[in-house]
Structure formats: C-alpha cells, structure tokens
Amino acid sequence: MSSTITTKDGVDIFYKDWGTGQPIVFSHGWPLSADDWDAQMLFFLSHGYRVIAHDRRGHGRSSQTADGNDMDHYAADLAALTEALDLRDAIHVGHSTGGGEVAHYVARHGQQRTAKIVLISAVPPIMLKSKNNPDGTPLEVFDGLRAQLAANRAQFYLDIPAGPFYGYNRPGAKVDQGIIQNWWRQGMMGGAKAHYDCIKAFSETDFTEDLKSIHQPALVMHGDDDQVVPYKDAGVLSAKLLKNATLKIYPGFPHGALTTHADVINADLLAFIRG
C-alpha cells in the first residue's frame, strides 16, 4: 500500500507501507526518494517485517515545498508519519541525509517508539568544516553543489551517480547504467528549491547532541571509499557519540553501498535487527 499523510503545515508526505510484523522505517538520502530502498524493502518484507519508506518533503512524490526544507521539519515529518501509523518498537534506518533525519527524529520525538537505529553512510555528526570540526568538508564544496544544481540540475543529477556516489569513477569499476538512470529519475521527481535548501540541511546541521541522547542499540555502517560523506569524519565519530553503537567499516564500499552491495548490507542489517 502507498498513501500520504498531511503535516501540520499542510505538506503531503508520500509513503509506502508493506507487510506486517515489527516495523522497519527507511529514511532516504538526498535528492532521492523512498524508491532508493527497493532492495531493502523487498528483502525485509520477505523476512516477515513491516517495511515503511517515505519521500522527504520536497522529494519524490511528496509536496514540492518552497520552505521548511530543514532538519527540524524533516524530523517532525517523520514523527507525524510514525504517529499517524502508530508505529511502536520500530527500527529506523537512515542513509546519508536520512541518517541525520533519523538521529534528529529519535532524539527529539521518537525515543518511546524506537527499538533500534541504523546509520548507513550517514551525515552525522556534522559534515561542514569549522574550528570545532577541522576534518570536515569545506563550505566551498557545498557552494559548488548548489551552483551546479541551479545551473543545470538535470546534468548534475547524471554526473553524481555516474561518478562519486557509487564509486563508478574508480579504475576498473563495473558501471551499471540502470542504477545511474534510476538515481536520475528519483532526483528529477523532486523539487529544485527543496533540493537546493537540503544541501544546507545535510551539511550544516550539527547532530552531536542528538547522537549523545540516543540510548537505543545503534548500528553504524560506512564504506571506507565513501567519496560523498568521508567515513572518518562521519561514521567513526557518530559511533563514539552514541551510547550503544556497533561500528562496521566496509573496505572499498562507496556511498551508495546499500544499492551496489545490497546483499552484504541486507545480511548485516538482518543480523543486527535480530540480535
């Protein structure tokens, strides 16, 4: 089944809700949609779980919002969804920007409803380079992303998956054209303004206090060849800040490992969820 909920500020959030059993809720990366979780949704549905994935506001089939494209609203939207579906004992899995959304949601809204969390190639604690985060990514990089999006979003959304997102720019990489086209399709479904604003949301939001406040068991998964969210400044630090975290670093895995290495990721997710 797929449907929508309407948030307090009038935004329609599209979601898929399949199966019965313990709920697993998936939060996608920028600038994608719930469809990026196809391999996980099918796998966990077949293992007896209820699987739910939504399109973030401004992304996919949700409202193409002009404002509210920030982490506070993303977390509140996820809270509205979990409350509307009355999800309890839920496992929240977030990839990239979605990992920030999960951390912000659980810390602010979801402590009572959440059993475990998983962060995959996720943006926390904070991406932006600063005095307090000297190993972070410089602001110029994110300004460059915004400039490319504004200039030619359609070409930009081919260049990212064809290059760093899936590691297809590495020597000897086996390039999958369908994966590139599917990334482009998902990206172009969303709204340019929401996607532009989301770059600030995923790069400048500081999730340090969110992570410190989360007590649930957490699995932090990150590829050491992630060219989008470098693992040493993300997964490694997040695992230290979380009270009850297991860190798994995958040699050679790219940012989009949940797609390129779905078999490995799914098996490790299942082991953690069942554990």
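We did not get these values from a lab; they are worked out from the coordinates using the rules stated. All of these numbers come straight from a predicted model, not from anything done at the bench. FYI the Cβ positions are ideal-geometry reconstructions off the backbone, even for glycines, and counts take in every protein chain you see.
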| query | Which Cα, out of Ala84, Gln22, Gly190, lies furthest along the positive dipole direction of the chain (beta carbon charges, K/R +1, D/E -1)? | reply | Gln22
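Beta carbons within 10 angstrom, averaged per residue: use that to sort the peptides 32-42, 54-64, 10-20, 123-133, highest first.
54-64, 32-42, 123-133, 10-20
Please tell me the relative contact order of the stretch 2-274 in percent, rounded to the nearest whole number, where contacts are Cα pairs under 8 Å and at least six residues apart. Please report the intermediate quantities before stating the final value.
Numbers: 575 pairs, mean separation 56.8, N = 273.
It comes to 21 percent, rounded to a whole number.
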| query | Taking the Cα centre of the chain as origin and charging only Cβ (+1 Lys, Arg; -1 Asp, Glu), how large is the dipole, in debye to the nearest 20? | reply | 340 debye
| note | Dipole check, the chain, charges on Cβ (K,R +1; D,E -1), about Cα centroid: among Gly94, Gly60, Ile214 the Cα furthest to the positive pole belongs to Ile214
| FRET efficiency estimate (nearest 0.05) - Cβ-Cβ, Lys8 to Ile249, R0 41 angstrom | 0.55
| said: For the ranges 233-244, 175-186, what's the packing order if you count other beta-carbon atoms within 10 Å of each residue, average per peptide, and put the highest first? | reply: 233-244, 175-186
| task | Can you grab the distance from the C-alpha centre of the stretch 27-70 to the C-alpha centre of the stretch 128-195, Å, no decimals? | result | 18 Å
| task | Counting helices only, and only those DSSP H runs with n ≥ 4, report the 222 nm mean residue ellipticity of the chain as the sum of -39,500 (n - 2.57) divided by its residues, in deg cm²/dmol to the nearest 500. | result | -12500 deg cm²/dmol
| field | Selection from Leu149, Val51, Pro171 lying farthest towards where the dipole of the chain points positive, charges on Cβ | value | Val51
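Can you compute the charge dipole magnitude of the stretch 41-165 about its Cα centre, using +1 on each Lys and Arg Cβ and -1 on each Asp and Glu Cβ, nothing else charged? Give it in debye, rounded to the nearest 20.
With Lys and Arg at +1 and Asp and Glu at -1, about 200 debye.
According to the square roots a ≥ b ≥ c of the eigenvalues of the Cα gyration tensor, what is the shape class of the chain, taking rounded for a/c under 1.5, prolate for a/b larger than b/c otherwise, and oblate for the remainder? Kindly include the intermediate steps, with their values, before the conclusion.
Values: a/c = 1.22, a/b = 1.13, b/c = 1.07.
Because its axes are fairly even, with a/c under 1.5, the chain counts as rounded.
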